[in-house]
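Novice: Right, I'll just put the structure down here and ask away after.
The values are calculated or read from the model by the stated rules, or taken from the named source; none is laboratory data. Computed from a prediction, not measured in an experiment: that's the story for all the values here. All Cβ positions, glycine included, derive from the backbone under ideal geometry; neighbour counts span all protein chains shown. For the accessible areas, the whole protein counts, side chains as well, though only heavy atoms, and no ligand, DNA or RNA atoms are used. Shrake-Rupley method; radii C 1.70, N 1.55, O 1.52, S 1.80 Å.
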There are 2 protein chains.
Amino acid sequence: MTYTKFLFIFIFTLNNSFAQIQKKYSVDAETVFDKGEKINNDNFTGTAYLKMLTTHDKENPTAIGNVTFEPEARTKWHLHPAGQILLVTDGIGYYQEKGQSKKILYKGDVIKCPANVEHWHGASDDSYFVQIAVTNNDKGSAVWLQAVSDEEYNK
Amino acid sequence: MTYTKFLFIFIFTLNNSFAQIQKKYSVDAETVFDKGEKINNDNFTGTAYLKMLTTHDKENPTAIGNVTFEPEARTKWHLHPAGQILLVTDGIGYYQEKGQSKKILYKGDVIKCPANVEHWHGASDDSYFVQIAVTNNDKGSAVWLQAVSDEEYNK
């Protein structure tokens, strides 16, 4: 192999490796919408960020938030009186409805959570997870329940 | 300049140029959600694609579609009886409400269109435009009106 060929392959490989490292550890590089502020309320376990994209009002009951979960971060169990839709924009996450198996979510996945169904969502244990939450507040806000235990999370 | 240094800079420049060309002409490389199928109805001017991410039902009136406009493609003037929210995920687009100036939209922008307000949206004249449309169908579907003329589009 000539020196030039070697250099070519070396640079190409290095470039790809950097891109992969950046993808895993710097979620900012990939998100479409702002990460927002760290969530400080008691409804989440671990570190998550919220940027509200639009709030509901009398005319339109739809509230939309961009939620970024660090690895292992998740919501508590909760329900929405008029349902919620989740659009996955980056990373790898989990979603589970009460009595069902945990689903693994990837970029491009869409979840439609029915009204009043207990569920939780969050990041997988080794990746960030970014989702747009489209919540119908027509019949009131989310009802928050108990935390997702490590046993439930890892099952 | 040594031959090696020159090669290094040459490869780096070439790599960046390819990335920019790909970004402009291949919208597929950047979209989070599927591009879907070409829209064949009469409500659009030019070439646009739609992938429904979720449809509305009796329980949740929210329908979400991923819409990809080719340069110069746009909707006709229309209105939503219960409003619509647009989330811009890629490209450069236009949005205009009747009687207002045309707005230029970029990745990360959010538009909340009030109920019954006549408006149109589409791509700019030299870029693709990708948006997630979150439509509240609580009071019925969109009402479609006249086409956006070239004069209105270019104003």
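Novice: Which residues, taken from segment A:96-105, are open to solvent by less than 60 Å² (accessible area, probe 1.4 Å) and either within 14 Å of another protein chain (Cβ to nearest Cβ) or without any contact (Cβ under 8 Å) to a residue 24 or more places away in the chain (or both)?
Specialist: Here is the first cut: in segment A:96-105, the ones open to solvent by less than 60 Å² (accessible area, probe 1.4 Å) are A:96-97, A:102, A:105.
Within segment A:96-105, A:97, A:105 qualify.
Novice: Being touching an Asp or Glu at 6+ places or on another chain (Cβ under 9 Å) and open to solvent by 10 Å² or more (accessible area, probe 1.4 Å) is the filter; apply it to segment A:128-138 and report the residue that is nearest to the other protein chains (Cβ to nearest Cβ).
Specialist: Taking the candidates together, the pick is A:138.
Novice: Taking interchain pairs and intrachain pairs at least six residues apart, which have beta carbon atoms under 7 angstrom, with the first residue in segment A:66-81 and basic (Lys, Arg) and the second assigned to a loop (DSSP other than H, G, I, E, B) and surrounded by 17 or more Cβ atoms within 10 Å (Cβ to Cβ)?
Specialist: A:74/A:148; A:76/A:147; A:76/A:148
Novice: Can you confirm whether segment A:107-118 contains a residue that is out of contact with any Asp or Glu (no Cβ under 8 Å at 6 or more places or on another chain), open to solvent by 20 Å² or more (accessible area, probe 1.4 Å) and either assigned to a loop (DSSP other than H, G, I, E, B) or polar (S, T, N, Q) (or both)? First the steps, then the outcome.
Specialist: Going residue by residue through segment A:107-118, those that are out of contact with any Asp or Glu (no Cβ under 8 Å at 6 or more places or on another chain) are A:109-112, A:116.
Adding the requirement that they be open to solvent by 20 Å² or more (accessible area, probe 1.4 Å) leaves A:109-110, A:112, A:116.
Filter once more, so that each one left must be either assigned to a loop (DSSP other than H, G, I, E, B) or polar (S, T, N, Q) (or both): A:109, A:116.
Yes, segment A:107-118 contains a residue that is out of contact with any Asp or Glu (no Cβ under 8 Å at 6 or more places or on another chain), open to solvent by 20 Å² or more (accessible area, probe 1.4 Å) and either assigned to a loop (DSSP other than H, G, I, E, B) or polar (S, T, N, Q) (or both).
Novice: Which condition does residue A:86 not pass, out of (1) open to solvent by less than 20 Å² (accessible area, probe 1.4 Å); (2) closer than 20 Å to residue A:146 by Cα, if it passes all the others?
Specialist: (2)
Novice: Looking at (1) within 14 Å of another protein chain (Cβ to nearest Cβ); (2) within 13 Å of the chain's Cα centre (by Cα); (3) under 19 Å from residue B:38 (Cα atoms), which is the only condition residue B:87 fails?
Specialist: (3)
Novice: May I pose another question? Test each condition in (1) open to solvent by 20 Å² or more (accessible area, probe 1.4 Å); (2) away from chain B (no Cβ under 14 Å); (3) on the phi < 0 side of the Ramachandran plot for residue A:72 and report the one that comes out false.
Specialist: With respect to (1) open to solvent by 20 Å² or more (accessible area, probe 1.4 Å); (2) away from chain B (no Cβ under 14 Å); (3) on the phi < 0 side of the Ramachandran plot, residue A:72 is out only on (3).
Novice: With respect to residue B:124, determine if the residue is modelled with pLDDT of 95 or more and more than 15 Å from the chain's Cα centre (by Cα).
Specialist: Values: modelled with pLDDT of 95 or more: yes; more than 15 Å from the chain's Cα centre (by Cα): no.
When the stated conditions are applied, residue B:124 does not pass them.
Novice: Which one of these does residue B:57 not meet: (1) in contact with an Asp or Glu (Cβ under 7 Å, 6 or more places away or on another chain); (2) open to solvent by 50 Å² or more (accessible area, probe 1.4 Å); (3) at pLDDT below 95; (4) under 24 Å from residue A:61 (Cα atoms)?
Specialist: Unmet for residue B:57, out of (1) in contact with an Asp or Glu (Cβ under 7 Å, 6 or more places away or on another chain); (2) open to solvent by 50 Å² or more (accessible area, probe 1.4 Å); (3) at pLDDT below 95; (4) under 24 Å from residue A:61 (Cα atoms): (1).
Novice: Residue A:45 - would you say it is open to solvent by less than 60 Å² (accessible area, probe 1.4 Å) and out of contact with any Phe, Trp or Tyr (no Cβ under 7 Å at 6 or more places or on another chain)?
Specialist: Details: open to solvent by less than 60 Å² (accessible area, probe 1.4 Å): yes; out of contact with any Phe, Trp or Tyr (no Cβ under 7 Å at 6 or more places or on another chain): yes.
Here the answer is yes, as residue A:45 does meet what is asked.
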